[in-house]
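Right, I'll just put the structure down here and ask away after.
The values are calculated or read from the model by the stated rules, or taken from the named source; none is laboratory data. Bear in mind that the values here come from a model prediction, so they are computed numbers and not experimental data. Neighbour counts run over all protein chains shown; Cβ positions are idealised from the backbone, glycine included.
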Amino acid sequence: MSAEPASATSRMKVVVCRDLGPDVMPLLRARTELDVVVWPEDRACERAWLLEHVPGAAGVLVMLSDKVNEELLDKAGPTLKVVSTMSVGYEHVDLPALAARNVRLGYTPDVLTDAVADVSVMLALMAGRNAKETMGVVQRGEWPNTSWSPFSFCGPQLSRPSPSSTRTAGFIGFGRIARATLARLVPFGITHALYTTSPGSAPSPAQDAQYTRQFSLTSVRRAGSLAALARGSDVVFVLAPGGAATRHVVDERFLRQMKRTAVLVNTARGTLVDAHALARALREGWLWGAGVDVVEGEPAVGSAHPLVQEPRCVVLPHIGSATTETRLGMATLAANNLLAGVFGEAMQAELDLKGRT
């Protein structure tokens, strides 16, 4: 059912770009003041459908695949009060255009922190321990004919191999997900952590000391440069926001400075890593392996993609938040943000658009 019939012209229309399921949709449909119009299919909302139904809407709930730009906002018209996105990222939203029209933006941070941190550690383990390459041996039926040798299929372990050794985790971006990932790494014996943050933020030795105590590590400190982080890390986690400022922050120059035994993990945005440079780095042995949950240009990532072709690159189809609990939490938050925006109430998670015009 794509929409509930309006019983009165005073009802406010909200457009929802994906059915959020039986646990969440009643939050919207229970509000008799609303005319809820829902994309009726279990696939990405078609642009033509959205543009057809958004005129006159007070609110719209979108996914990462739905571009919120001048075209959509012009179609919606002056009735639009809020855009609610079921995502922590908002690269698909034209923020200045929203700010210029005084349209509020709700998003879903925090809810997916633990799920993405879990996948980040999983990818680090899979990349270091040659999971893709060795699983392929089993799946192709080659195991019975594969001779064992003392060092076959070996790779660098994530955990500290001896009490006298050290392990350093590097983080490009040190927000909630990065810190949750570091907390999961502590039991593996990680001893040091390096991180970078936005260029405009000043180094804080006091903050570094607080992080060191919080995680009970030998040291947690802000790296002097990306090059220093690349050179000093045994595993690098890319967890910075997307956007023009961070596009290809991991490029050929960065990759050439990584340890040959190091692993790169990207669970943030595909645009942060130059995929072709990474494929070459893996092919030529600049680093050991990589695990990526996001790829630039996704979902147009087929079997011929250079990263998919690399035996030491684990590629997942953007499943970082894909736990039942997390997606339910994100959907619930997105619905509640939509309701708050439509009725002029405080949102649980609203992006401040001041100064974005």
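Taking region 204-219 only, how many residues are part of a helix (DSSP H, G or I) and small (Gly, Ala, Ser)?
Number of matching residues: 2.
Here is a follow-up. Sort through Ala268, Ala244 and tell me the only one that's of a type outside the set (Asp, Glu), more than 30 Å from Ser162 (Cα to Cα) and at pLDDT below 95.
None of the others qualify; the one that does is Ala244.
Further question: Sort through Ser201, Ser159 and tell me the only one that's more than 23 Å from Arg269 (Cα to Cα) and small (Gly, Ala, Ser). Lay out the reasoning, then the answer.
Details: Ser201 fails: more than 23 Å from Arg269 (Cα to Cα).
After ruling out the rest, the residue left standing is Ser159.
From the list Gly21, Gly89, which residue is out of contact with any strand residue (DSSP E or B) (no Cβ under 8 Å at 6 or more places or on another chain), within 30 Å of Arg247 (Cβ to Cβ), of a type outside the set (Ser, Thr, Tyr) and touching a residue at least 60 places away in the same chain (Cβ under 8 Å)?
Only one candidate qualifies: Gly89.
Find all pairs meeting these conditions: Cβ atoms under 9 angstrom apart; at least six residues apart or on different chains; first residue within region 199-228 and surrounded by fewer than 16 Cβ atoms within 10 Å (Cβ to Cβ); second residue among the acidic types (Asp, Glu).
Taking only residues 6 or more apart or on different chains, the pairs are Ser219/Asp208.
Show the residue pairs that are 6+ apart or on different chains and have beta-carbon atoms under 7 Å apart, the first residue being within region 31-59 and closer than 10 Å to Lys75 by Cβ, the second being part of a loop (DSSP other than H, G, I, E, B).
So the pair list comes out as Leu50/Cys17; Leu50/Asp66; Pro55/Gly77; Gly56/Gly77; Gly56/Thr79; Ala57/Thr79; Ala57/Leu80.
Which ones in region 72-94 are surrounded by fewer than 17 Cβ atoms within 10 Å (Cβ to Cβ) and over 26 Å from the mean Cα position of the chain (by Cα)?
Across region 72-94, the qualifying residues are Asp74, Lys75, Gly77, Pro78, Thr79.
Continuing with the same structure: Please state which of the following conditions Gly285 fails to meet, knowing it meets all the rest: (1) of a type in the set (Gly, Ala, Ser); (2) within 17 Å of the chain's Cα centre (by Cα); (3) not assigned by TED's automatic domain parsing to the domain that holds Thr85.
(2)
Identify, from the list Thr191, Thr246, the residue that is of a type in the set (S, T, N, Q), surrounded by fewer than 21 Cβ atoms within 10 Å (Cβ to Cβ) and farther than 24 Å from Val295 by Cβ.
Numbers: Thr246 fails: farther than 24 Å from Val295 by Cβ.
Result: Thr191 is the single residue among Thr191, Thr246 that is of a type in the set (S, T, N, Q), surrounded by fewer than 21 Cβ atoms within 10 Å (Cβ to Cβ) and farther than 24 Å from Val295 by Cβ.
A quick yes/no check of all residues on (1) within 26 Å of Gly285 (Cβ to Cβ); (2) at pLDDT 95 or above; (3) in contact with a helix residue (DSSP H, G or I) (Cβ under 6 Å, 6 or more places away or on another chain):
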| site | (1), (2), (3) |
| --- | --- |
| Lys132 | yes, yes, no |
| Val138 | yes, yes, no |
| Gly141 | no, yes, no |
| Trp148 | yes, no, no |
| Ser152 | yes, no, no |
| Ser162 | yes, no, no |
| Thr168 | yes, yes, yes |
| Ser201 | no, no, no |
| Thr212 | no, yes, no |
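Name the residues in region 282-311 that are in contact with a helix residue (DSSP H, G or I) (Cβ under 9 Å, 6 or more places away or on another chain), in a loop (DSSP other than H, G, I, E, B) and under 21 Å from Val116 (Cα atoms), would you?
Asp293, Val294, Val295, Glu296, Gly297, Glu298, Val301
Please go through region 95-149 and pick out each residue that is more than 22 Å from the chain's Cα centre (by Cα) and β-branched (Val, Ile, Thr).
Val103, Thr134, Val137, Val138, Thr146
If a residue must be within 26 Å of Thr261 (Cβ to Cβ) and either touching a residue at least 60 places away in the same chain (Cβ under 8 Å) or of a type in the set (A, V, I, L, M) (or both), how many such residues does region 229-245 contain?
Final tally of qualifying residues: 11.
Being of a type outside the set (Gly, Ala, Ser), farther than 24 Å from Gly320 by Cβ, at pLDDT 95 or above and not assigned by TED's automatic domain parsing to the domain that holds Arg269 narrows it down to one residue among Leu28, Leu105, Leu20; which is it? Walk me through it before giving the result.
Numbers: Leu105 fails: farther than 24 Å from Gly320 by Cβ; Leu20 fails: farther than 24 Å from Gly320 by Cβ.
Residue meeting the stated conditions: Leu28.
A follow-up question, please. Of these, Gly344, Gly355, which one is on the phi > 0 side of the Ramachandran plot, part of a loop (DSSP other than H, G, I, E, B) and modelled with pLDDT under 95?
One residue alone meets the criteria, Gly355.
Let me ask you something else. Would you mention how many residues in region 260-286 are out of contact with any strand residue (DSSP E or B) (no Cβ under 6 Å at 6 or more places or on another chain), polar (S, T, N, Q) and closer than 30 Å to Val88 by Cα?
Qualifying residue count, region 260-286: 2.
Might you let me know whether region 293-305 holds any residue that is of a type outside the set (Lys, Arg), at positive phi and surrounded by fewer than 21 Cβ atoms within 10 Å (Cβ to Cβ)?
yes
Here's something else I'd like to know. Which pairs do you get when a residue that is modelled with pLDDT under 95, found in region 67-86, comes within reach of a residue that is assigned to a helix (DSSP H, G or I), reach meaning Cβ atoms under 6 angstrom, with the pair 6+ apart or on two chains?
From region 67-86, no pairs qualify.
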